[in-house]
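Here's the structure, in structure tokens; my notes come after.
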Amino acid sequence: MATTRTAQKVLTRSELRARLEKLPRVRLGHLPTPLDEAPRLSEALGGPRILIKRDDATGMAFGGNKVRHYEFEMGHVRDLGYDALVNIMDYHSNNARLTGAAANRTGLKYVLILKNSSGRAVQGNRLIDKLLGAEIHDLDAKASKKATEYARAVGDRLRKEGYNPYLLQDHEFPKIAGTIAYLDGGLELAQQLDDLGIKKNVHIFGVAGRSTAGLVLASKNLGLGWKVTGVRVTYDITMQDYLYDVVGGAVREMKLPVGFEPDDMEVLEDYVGEGYGIMTEQVAEAIHLFAGKEALFVDPNYTGTVAAALVDQIRKGRVGKGETVVFLHTGGLPAIFTFADELAGWRGA
């Protein structure tokens with residue numbers, strides 16, 4: 001279990017900022033995002049103090065953490081001379097939506113290979129994908145097993161048409177851009193906590209992945225002493241493949257003195273339920289609780305799962321009353337509408 005580590009600064013904030021400023025970047029987000037108090041939620045749970053880092057308010061295409069990611073990813077792609085993006089995602093993906101938005105803002109053609117989407121209703125993120133004008137290829141379950149080969153064939157076609165396509169799944173930088181972006185986000189959060197006079201006992205909850213890894217690295221290299229708890233939202237990919245094997249690339253790119261170790265972030269694995277995209281009773285309760293107490297909306301796949309974990313961890317006494325919790329709200333709003341029937345019909349346990 002990860003715990004708050006002794007703060008030992010190895011970089012100053014200005015040094016980390018200077019390293020980030022050397023990277024190509026396209027400004028896409030409404031930054032900094034707010035850090036809001038959630039007093040009624042805290043009261044309902046019997047403490048501790050809860051703050052919401054509102055990265056759902058990054059502005060572009062209903063917002064989300066990937067707006068930060070794509071500021072760096074689009075700078076990278078643009079500077080290398082690509083003029084088309086090819087992306088492979090699941091049918092209700094937030095990534096798919098925000099990649100399309102970033103492509104539009106940067107003037108790139110966007111081709112989206114959507115797995116398991118054939119025959120599904122056009123709503124939620126799928127609707128936004130269409131409104132953004134993406135060239136969408138809907139795959140059924142059988143074709144989805146060969147999505148990468150399909151995408152590469154699309155890339156070949158684009159080259160014949162005169163494009164220079166960038167297949168996101170074939171490059172390293174898309175795997176490390178999120179961690180790099182949240183080094184920047186960590187600088188932003190550190191300043192906001194300073195402004196509130198909060199210097200210690202900070203406990204961050206977010207989806208277990210590359211964004212939370214960036215906050216871990218910011219904390220370790222800047223000597224902030226944050227505890228970070230990541231919540232698994234799917235068993236379809238392992239933490240080893242998705243994070244541990246790739247986060248070192250961000251460390252190398254940024255030439256960070258201190259790297260990432262798996263035990264730097266406690267990972268909670270008990271809130272996925274039957275699988276990705278299947279809402280649990282705990283998640284449904286958390287969605288209603290956050291909305292009812294703070295008029296704050298979390299989605300059934302990502303932030304709702306983190307919210308359910310946070311609620312459960314507090315109720316079980318696993319979050320200290322003296323801690324300041326920062327809930328990293330990474331967006332996902334359109335997915336709420338995909339689960340309209342389940343959410344509207346929920347009446348509690």
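Each of residue 22 and residue 142 was given a label point 7 Å from its Cα along the Cα-to-Cβ line. The distance between the two points is 5.2 nm. As a proxy for reagent exposure, 341, 90, 56 were ordered by neighbouring Cβ count within 10 angstrom, fewest first; the result is 341, 90, 56. Over every Cα atom in the stretch 244-349, the radius of gyration and the widest Cα-Cα span, Dmax, amount to 16.4, 51 Å. Exposure proxy ranking for 267, 77, based on other Cβ atoms within 10 angstrom of each Cβ and starting from the fewest, stands as 267, 77. The alpha carbon convex hull volume per residue for the stretch 68-170 rounds to 90 Å³. In terms of its Cα atoms, the stretch 116-237 spans 55, 33, 28 Å along the principal axes, sorted from long to short.
Wrap a convex hull around the Cα atoms of the stretch 309-349, take a quarter of its surface area, and give that in square nanometres. Walk me through the numbers before you get to the answer.
Working: hull surface 16.8 nm².
For the stretch 309-349, the mean projected area of the Cα convex hull comes to 4.2 nm².
Cα centroid separation, the stretch 18-49 to the stretch 101-177: 29 Å. On full extension of the chain, what length is gained from residue 104 through residue 195, given 0.36 nm per residue of separation minus the C-alpha to C-alpha distance? Full extension of this stretch gives 29.2 nm more. Label reach from residue 80 (point 7 Å along Cα→C-beta): in the stretch 161-186, amide nitrogens under 15 Å belong to 164-178. Which lysines, if any, have their Cα less than 22 Å from the Cα of residue 199, not counting same-chain residues under 8 positions apart? Filter leaves 9, 53, 220, 227, 321. Near residue 250, within a Cβ-to-Cβ distance under 9 Å, what is the net charge of the other residues, with Lys and Arg +1 and Asp and Glu -1? Summing Lys/Arg as +1 and Asp/Glu as -1 gives +2.
Work out the count of Lys pairs in the stretch 68-170 where the Cα-Cα distance is under 18 Å, with the pair 8 or more places apart or on different chains. If you can, show how the numbers build up before the last one.
Values: 109/130; 109/160; 115/130; 115/142; 115/145; 115/146.
For the stretch 68-170, qualifying lysine pairs total 6.
Kirkwood's formula applied to the C-alpha pairs of the stretch 1-149 gives a hydrodynamic radius of 18.0 angstrom. Between residue 252 and residue 278, the simple spin-label model (points 7 angstrom out along Cα→Cβ) gives 3.8 nm.
Neighbouring Cβ atoms within 10 Å as the yardstick, rank 33, 212 fewest first. Show your work: numbers first, answer last.
Working: 33 24, 212 28.
The fewest-first ordering by Cβ neighbours comes to 33, 212.
Could you tell me whether the chain comes out rounded, prolate or oblate from its Cα gyration tensor? Rule is a ≥ b ≥ c as square roots of the eigenvalues, rounded for a/c under 1.5, then prolate if a/b exceeds b/c, otherwise oblate. Judged from the Cα gyration tensor, the chain comes out oblate (a/c at least 1.5, b/c at or above a/b).
FYI, it's all coordinate maths here, none of it is from the lab. All values derive from a computational prediction rather than experimental measurement. Backbone-built Cβ (ideal geometry, glycine too); neighbour counts: all protein chains shown.
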